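Asks: The structure under discussion is supplied below as structure tokens; questions concerning it will follow.
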Amino acid sequence: MIEQFKSVDINPLIFWMKMARGKEIKPVLTLIFVLFSAHYIVNCQTGTIQNIYGRDHVSLNGRWNYIIDPYEMGYYDYRHMPFDASESGKGGFYDDRKPKDKTDWVEYDFDLAPTMKVPGDWNSQAEKLQLYEGTVWFRQKFQADPKPGKRYVLYFGAVNYESHIYLNGKKLGMHKGGFTPFQFEVTGKLNKGENVVIVKADNTRHQNEIPTINTDWWNYGGITRDVLFAELPATYIQDYKIQLAKGNLNKIEGFIQLDGKEKTQTVLINIPEAGIKQKVTTDATGRANFSFSVNKLIYWSPENPKLYSVEIEAMSDKITDRIGFRTIETRGQDILLNGKSIFLRGIALHDENPLIPGRLRGEGDMRMMLQWAKELNCNYVRLAHYPHNEQMIRLADEMGLLVWAEVPVYWTISWQEQATYQNAEKQLTDLMNRDKNRSSVIIWSMGNETPVSEPRNVFMGKLVSTARSLDDTRLIAAALEISHKGDKVVVEDPLGEKLDLVSFNEYAGWYWSSVKDMLNYKFDIKYNKPVVITEFGADALGGFHADSDTRWSEEYQEQLYKNQFTMLTAIKGLRGMTPWILADFRSPRRQHPYYQDFWNRKGLISETGKKKKAFFVLRDFYDGIQKKYN
Ligand code: GCU
């Protein structure tokens, strides 16, 4: 069935709408067709390739023409019917159509349209787009010389939020989720010479999506991460995992997955520096699971972020990656890295450059953020509240920073919507697949501050089981809910039962109590597990000085940090923290005209890069902790 549709390229939606226009059709049939067409569209995507940067590719980054389309004129006709589901499939902006002659009527023109940088959010690139939520169309042209026996893939690091992708006027598919990669196989769909890729990006927020409508970060829209065009052998190494087995410093475990006709091949795993040469054979599905013992490895740690060059060589393809080997586990209330108890000296951060507000634009921006964390004497970062750029994780590998990675299951999600759950699970799976070979990533987080209810517990519980089924070598966590009983801060969120850590956000001294009386509060934590505080903090306008009782002042934030250390170090199982937050960040929820002006000011670094007093208080605290754990 799919085959027939695919080869003649007719979309089942056409069939359904023809039926709908005046012919009786049973509701069940309607449902089947909708599900079938949705399935059809999405399936132009292929399993995301592991380590796309290690493949033959050209970057399609650069200046792309764009058209702002608040009424989605380029997608729907005046009857609000999608053009790409119409008879001809023609009419939408993805045609990149030019008027045939002076009599012809065309109401858009990419050639005359302005350009903006890709990767990059649109909000920081055009004044009128700063607060814009809706559709923007992007067009890029590129040259291709497709060769027989080769396969071709268009890869997107991330597009926020819902994107529809077209190549040479034909729809490749759509994707939801603003922070995870996706790709389309375009073998056989390329012109020899000029090709046109068009992206409809829509960052409109909706209740049933992930994230939902209410977040405390800027809803940056656009093609925010790299766009790559890759050339691959007919049978290529699509995916692999090469890591130490759970809690075992002497066993490497993993798999190799080939994609293509020649499924059964001998594949060599070569780690020259470690003297490891291992042959595995893929089965009829192109997969080889393996485990083999190792001894003289230098284990990856923040103090010594050793990365090995790992070569995977199949008969038809070869890929090299830089991989660190470490184990991470818990024992009682301890967190063990390579078998040794560790304290996670962390800081939280958003994927945003405070100096030029907008998504981090490249390695320079990312290194700046992680370098600031290093100056705080951190060995750990919480990348909040969504998957950050793959390059950021690879930098954490290189710079020696442990990572808490999270999916944007944030606040009031539509827990009972099946599609919402599938969306969340897909984003989680895509994140875990992308970064499974990164030694820096030690914790997968299922979400943040999600209100306790039965539907929520079920939803989050399913995410936890999915994560455990995909990866038993890392810790599974979430920022749990807390409650208050008198001067007790109670942590008994039922989700905690299923997790490896007890993690929660607590804003003593800011959202509840004050810097003066916060020390009267005690934590009452139900679980005997390592406690890793995911957030605490206070807003301070950089450069605003007053006494330590005056909110918004650096002195208030400074004193609050000192008091937090007193409160938190009283928790017996405390094994880590990520104060909120490394740098001030943009938020549409922060309207105080003087102190905030659309900035969340809980950063330890201001939007001008100024280190606030609390920055040094935290650094000194971490110096002390480091001595204790050495
Ligand atoms: C919340 C939330 C953050 C938010 C912070 C704040 O706990 O997790 O996303 O920015 O508190 O209020 O500053």
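The values are calculated or read from the model by the stated rules, or taken from the named source; none is laboratory data. Keep in mind that this is a model prediction, so the values were computed, not measured. Note that each Cβ is placed from the backbone with ideal geometry, even for glycine, and that neighbours are counted across all protein chains shown. The area values use the complete protein model at the heavy-atom level, side chains included, leaving out ligands, DNA and RNA. Shrake-Rupley method; radii C 1.70, N 1.55, O 1.52, S 1.80 Å.
Asks: Limited to region 97-125, what total is found for residues that are under 31 Å from the mean Cα position of the chain (by Cα), open to solvent by 20 Å² or more (accessible area, probe 1.4 Å) and either at pLDDT below 95 or not small (G, A, S) (or both)?
Replies: Residues that pass the stated criteria total 5.
Asks: Filtering region 396-412 down to residues that are open to solvent by less than 10 Å² (accessible area, probe 1.4 Å) and in a helix (DSSP H, G or I), which residue is farthest from the ligand (Cβ to nearest atom)?
Replies: So the residue we want is D397.
Asks: What residue, among those in region 448-475 that are closer than 25 Å to L370 by Cβ and touching a residue at least 60 places away in the same chain (Cβ under 8 Å), is farthest from the ligand (Cβ to nearest atom)?
Replies: Looking at the filtered set, the residue picked out is T473.
Asks: Has region 586-595 got any residue that is in contact with a strand residue (DSSP E or B) (Cβ under 8 Å, 6 or more places away or on another chain), farther than 25 Å from Y220 by Cβ and either outside any strand (DSSP E or B) or within 16 Å of the ligand (Cβ to nearest atom) (or both)?
Replies: Checked region 586-595: no residue is in contact with a strand residue (DSSP E or B) (Cβ under 8 Å, 6 or more places away or on another chain), farther than 25 Å from Y220 by Cβ and either outside any strand (DSSP E or B) or within 16 Å of the ligand (Cβ to nearest atom) (or both).
Asks: Turning to a different aspect of this structure: For region 354-367, name all the residues that are more than 20 Å from W217 (Cα to Cα) and surrounded by 16 or more Cβ atoms within 10 Å (Cβ to Cβ).
Replies: R367, the sole residue that qualifies.
Asks: What's the total number of residues in region 608-630 that are touching an Asp or Glu at 6+ places or on another chain (Cβ under 6 Å) and more than 15 Å from I347 (Cα to Cα)?
Replies: 1
Asks: Then there is this: Among residues belonging to region 482-512 that are among the charged types (D, E, K, R) and within 16 Å of the ligand (Cβ to nearest atom), point out the one that is surrounded by the most Cβ atoms within 10 Å (Cβ to Cβ).
Replies: D493
Asks: Continuing with the same structure: If I ask for residues that are away from the ligand (no atom under 16 Å from the Cβ) and touching a Lys or Arg at 6+ places or on another chain (Cβ under 6 Å), which ones from region 211-233 would you list?
Replies: Of everything in region 211-233, those that are away from the ligand (no atom under 16 Å from the Cβ) and touching a Lys or Arg at 6+ places or on another chain (Cβ under 6 Å) turn out to be T224, A230, E231, L232.
Asks: Select from region 264-285 the residues that are surrounded by 13 or more Cβ atoms within 10 Å (Cβ to Cβ) and in contact (Cβ under 8 Å) with a residue 40 or more places away in the chain and list them in ascending order.
Replies: Passing the criteria: Q265, V267, L268, I269, N270, I271.
Asks: Considering region 126-143 alone, what residues qualify as being open to solvent by 10 Å² or more (accessible area, probe 1.4 Å) and either of a type in the set (G, A, S) or under 23 Å from the mean Cα position of the chain (by Cα) (or both)?
Replies: Selection gives A126, Q130, L131, Y132, E133.
Asks: Go through region 513-579 and tell me which strands (runs of 3 or more DSSP E), entirely inside it, have 3 or more residues that are more than 16 Å from the ligand (Cβ to nearest atom) and in contact with a strand residue (DSSP E or B) (Cβ under 6 Å, 6 or more places away or on another chain).
Replies: Per the criteria, 522-525, 574-577.
Asks: Can you find even one residue in region 222-230 that is touching a residue at least 24 places away in the same chain (Cβ under 8 Å) and surrounded by fewer than 18 Cβ atoms within 10 Å (Cβ to Cβ)?
Replies: The answer is no; no qualifying residue exists.
Asks: Could I ask something else about it? Can you name the residue in region 382-395 that is assigned to a loop (DSSP other than H, G, I, E, B) and not aromatic (F, W, Y) and is also farthest from the ligand (Cβ to nearest atom) among such residues?
Replies: Checking each candidate, the answer is N389.
Asks: Pull up region 243-255, narrow it to residues that are out of contact with any Asp or Glu (no Cβ under 8 Å at 6 or more places or on another chain) and under 13 Å from N437 (Cβ atoms), then point me to the one that is surrounded by the fewest Cβ atoms within 10 Å (Cβ to Cβ).
Replies: Going through the qualifying residues, I end up with E253.
Asks: Something else now. Residues that are in a strand (DSSP E or B), under 18 Å from N219 (Cα atoms) and of a type in the set (S, T, N, Q): does region 133-141 have at least one?
Replies: Yes, region 133-141 contains at least one residue that is in a strand (DSSP E or B), under 18 Å from N219 (Cα atoms) and of a type in the set (S, T, N, Q).
Asks: With the structure loaded, tell me whether W415 is surrounded by 18 or more Cβ atoms within 10 Å (Cβ to Cβ), without any contact (Cβ under 8 Å) to a residue 40 or more places away in the chain and more than 16 Å from the ligand (Cβ to nearest atom) or whether it fails that test.
Replies: For W415, the condition - surrounded by 18 or more Cβ atoms within 10 Å (Cβ to Cβ), without any contact (Cβ under 8 Å) to a residue 40 or more places away in the chain and more than 16 Å from the ligand (Cβ to nearest atom) - is not met.
Asks: If L618 satisfies every condition in (1) of a type outside the set (S, T, Y); (2) open to solvent by 10 Å² or more (accessible area, probe 1.4 Å); (3) at negative phi; (4) more than 16 Å from the ligand (Cβ to nearest atom) but one, which is the exception?
Replies: Among (1) of a type outside the set (S, T, Y); (2) open to solvent by 10 Å² or more (accessible area, probe 1.4 Å); (3) at negative phi; (4) more than 16 Å from the ligand (Cβ to nearest atom), L618 violates only (2).
Results for (1) under 19 Å from F585 (Cα atoms); (2) within 16 Å of the ligand (Cβ to nearest atom); (3) polar (S, T, N, Q); (4) open to solvent by 20 Å² or more (accessible area, probe 1.4 Å), shown as yes or no for each residue.
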| site | (1), (2), (3), (4) |
| --- | --- |
| Q183 | no, no, yes, no |
| A201 | no, no, no, no |
| H206 | no, no, no, yes |
| E209 | no, no, no, yes |
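Asks: Which condition does I605 not pass, out of (1) in contact with a helix residue (DSSP H, G or I) (Cβ under 7 Å, 6 or more places away or on another chain); (2) within 16 Å of the ligand (Cβ to nearest atom); (3) more than 14 Å from I347 (Cβ to Cβ), if it passes all the others?
Replies: (3)
Asks: Which residue pairs have Cβ atoms closer than 7 Å, lie 6 or more positions apart in sequence or on different chains, and pair a first residue in region 583-612 that is on the phi > 0 side of the Ramachandran plot with a second residue that is within 13 Å of the ligand (Cβ to nearest atom)?
Replies: F598/R586; F598/S587; F598/P588; F598/R590
Asks: Taking the stated definitions as given, is Y155 open to solvent by 10 Å² or more (accessible area, probe 1.4 Å) and either under 25 Å from I237 (Cβ atoms) or in a loop (DSSP other than H, G, I, E, B) (or both)?
Replies: The answer is no for Y155.
Asks: Next question. Could you check P354 against (1) within 16 Å of the ligand (Cβ to nearest atom); (2) under 15 Å from the mean Cα position of the chain (by Cα) and say which number it fails?
Replies: Only one criterion is unmet by P354, namely (2).
Asks: Right, here's the next one. For S587, all conditions in the list (1) open to solvent by less than 10 Å² (accessible area, probe 1.4 Å); (2) modelled with pLDDT under 95; (3) not basic (K, R) hold save one; what is the number of the exception?
Replies: Of the numbered conditions (1) open to solvent by less than 10 Å² (accessible area, probe 1.4 Å); (2) modelled with pLDDT under 95; (3) not basic (K, R), the odd one out for S587 is (2).
Asks: Right, next: With (1) touching a Phe, Trp or Tyr at 6+ places or on another chain (Cβ under 9 Å); (2) without any contact (Cβ under 8 Å) to a residue 60 or more places away in the chain; (3) away from the ligand (no atom under 16 Å from the Cβ); (4) assigned to a helix (DSSP H, G or I) as the list, and I625 as the residue in question, which single condition is left unmet?
Replies: Tallying (1) touching a Phe, Trp or Tyr at 6+ places or on another chain (Cβ under 9 Å); (2) without any contact (Cβ under 8 Å) to a residue 60 or more places away in the chain; (3) away from the ligand (no atom under 16 Å from the Cβ); (4) assigned to a helix (DSSP H, G or I), I625 fails exactly one: (2).
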